[in-house]
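Notes follow the structure.
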Amino acid sequence: MGLTYVIGRWVLAPLARMLYRPRIEGRENFPRKGAVILASNHLSFIDSFVIPMASPRPVRFLAKSSYFDGTGFRGWLSREFFFAAGAFPVRRGAGQAALDALDQQKKMLDAGWSTALYPEGTRSLDGRLYKGRTGVAFLALQTGAPVIPVGLIGTSEIMPVGAKFPRLRPRVTVRFGAPLDLSHHGSADSGRARRGATDEIMAAIHALSGQELAGTYNEAPPQNAVERIKQALPHERR
C-alpha cells in the first residue's frame, strides 16, 4: 500500500485522534501480532476510518470497488484516501462476489493481518443492531483467527446517512471486547456451527454497543418480484 498508507497511519490518524478525541476502551484486548478479525456494529460511513484510527495496530478492510475506479482528480483523491485508510477494493454483491470477498479476506488473515468486518452487512439506518450474517464466523472457523467484537457509539451523530462531511462533535466511543475463540462451535462447513458462532459474536457486540436489538436481518427493500421471493425463502445470510 506504500507511502499513501504510511501517511494515513502515522500522520492522518494521529491528527484525527487529536481533533476528535475518541474514547477508546479495551485496547489491551487487541493482540499485537497475528491474524485477528474485528467484528463491529455499523452505524456510519466513517466507521471504517474510526476503527483503524482507534486500533493499536494496522487494520485492513474491504471497500466497494467504485471508490477506486474514478477518473480525474476526484477519482485519484478518492482512491488515495481509501488506500490511506487501509482499504482494498472489492466487488459488492451476493453470489460469486460475496465468495470472492471472503477469499480476499482469508488471504489477509493467512498473511497475519488484522481485518475489520461488519456482520450486519450494511449500515443500520435506525440505530438498532441487526442479526449477523455468517461470513465473519465462516472466516473465523476456517482460519482459526480470534474475533475481537467492537462496539461503536456516536459515529452516526458525527456523520449521519446522507452527510457529505463529518461534524466535529460529539465524541465517539470505540470499545474493543475480549477475543472470542469460536472453535468450540465446530467446523466452518457446518451451518449450525456458523450460526452459533455468529450469534455469539453478535451477543458480544450488543454487550459493548448497548443498541436495541432489531431481531431481523438488515436488508435493502426488494426491487422486484424475484428479490421478494428470495427474501421470503429460508437461506443462510453470508
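The values are calculated or read from the model by the stated rules, or taken from the named source; none is laboratory data. A quick note: this is a predicted structure, and the numbers were derived from the prediction, not measured. As a convention, Cβ positions derive from the backbone with ideal geometry for all residues, glycine included, and neighbour counts pool all protein chains shown. Ligands, DNA and RNA are excluded from the accessible area calculation, which covers all protein heavy atoms including side chains. Shrake-Rupley method; radii C 1.70, N 1.55, O 1.52, S 1.80 Å.
In summary, Lys33 fulfils each of the numbered conditions (1) open to solvent by 60 Å² or more (accessible area, probe 1.4 Å); (2) touching a strand residue (DSSP E or B) at 6+ places or on another chain (Cβ under 9 Å); (3) in a loop (DSSP other than H, G, I, E, B); (4) at pLDDT 80 or above with the single exception of condition (2).
Arg175 passes every criterion in (1) without any contact (Cβ under 8 Å) to a residue 60 or more places away in the chain; (2) in contact with a Leu (Cβ under 8 Å, 6 or more places away or on another chain); (3) of a type outside the set (S, T, N, Q) apart from (1). Of everything in region 216-232 that is open to solvent by 60 Å² or more (accessible area, probe 1.4 Å) and among the small types (Gly, Ala, Ser), the residue that is modelled with the highest pLDDT is Ala220. So in region 149-167, with the set limited to residues that are among the small types (Gly, Ala, Ser) and open to solvent by 30 Å² or more (accessible area, probe 1.4 Å), which one is nearest to Ala203 (Cα to Cα)? Looking at residues that are among the small types (Gly, Ala, Ser) and open to solvent by 30 Å² or more (accessible area, probe 1.4 Å), I get Ser156. Screening Ala101, Ala137, Ala116, Ala85 for residues that are more than 30 Å from Ala193 (Cβ to Cβ) and touching a residue at least 24 places away in the same chain (Cβ under 8 Å) leaves exactly one candidate, Ala85. In region 3-20, how many residues are among the hydroxyl-bearing types (Ser, Thr, Tyr) and either out of contact with any Leu (no Cβ under 8 Å at 6 or more places or on another chain) or in a strand (DSSP E or B) (or both)? Total meeting the criteria: 2. Residues in region 39-59 that are assigned to a loop (DSSP other than H, G, I, E, B), open to solvent by 10 Å² or more (accessible area, probe 1.4 Å) and under 18 Å from Leu208 (Cα atoms): 2 in all.
Exactly one residue among Gly162, Gly127 is outside any strand (DSSP E or B) and within 13 Å of Phe45 (Cα to Cα), and that residue is Gly162.
Residues checked against (1) in contact with a Lys or Arg (Cβ under 9 Å, 6 or more places away or on another chain); (2) among the hydroxyl-bearing types (Ser, Thr, Tyr); (3) more than 19 Å from Ala54 (Cβ to Cβ):
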site	(1), (2), (3)
Lys164	no, no, yes
Ser183	no, yes, yes
Arg192	no, no, yes
Asp199	yes, no, yes
Gln211	yes, no, no
Asn218	yes, no, yes
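Looking across region 168-199 at every residue that is part of a loop (DSSP other than H, G, I, E, B) and of a type in the set (A, V, I, L, M, F, W, C), the one that is surrounded by the fewest Cβ atoms within 10 Å (Cβ to Cβ) is identified as Leu168. Taking the criterion of being open to solvent by 40 Å² or more (accessible area, probe 1.4 Å), in a loop (DSSP other than H, G, I, E, B) and not basic (Lys, Arg), no residue of region 21-30 qualifies.
Of note, Thr115 satisfies the criterion of being surrounded by 14 or more Cβ atoms within 10 Å (Cβ to Cβ) and among the polar types (S, T, N, Q). Evaluating Gly75 against the criteria (1) open to solvent by less than 60 Å² (accessible area, probe 1.4 Å); (2) in a helix (DSSP H, G or I); (3) more than 23 Å from Arg123 (Cα to Cα); (4) modelled with pLDDT of 90 or more leaves one unmet condition, (4).
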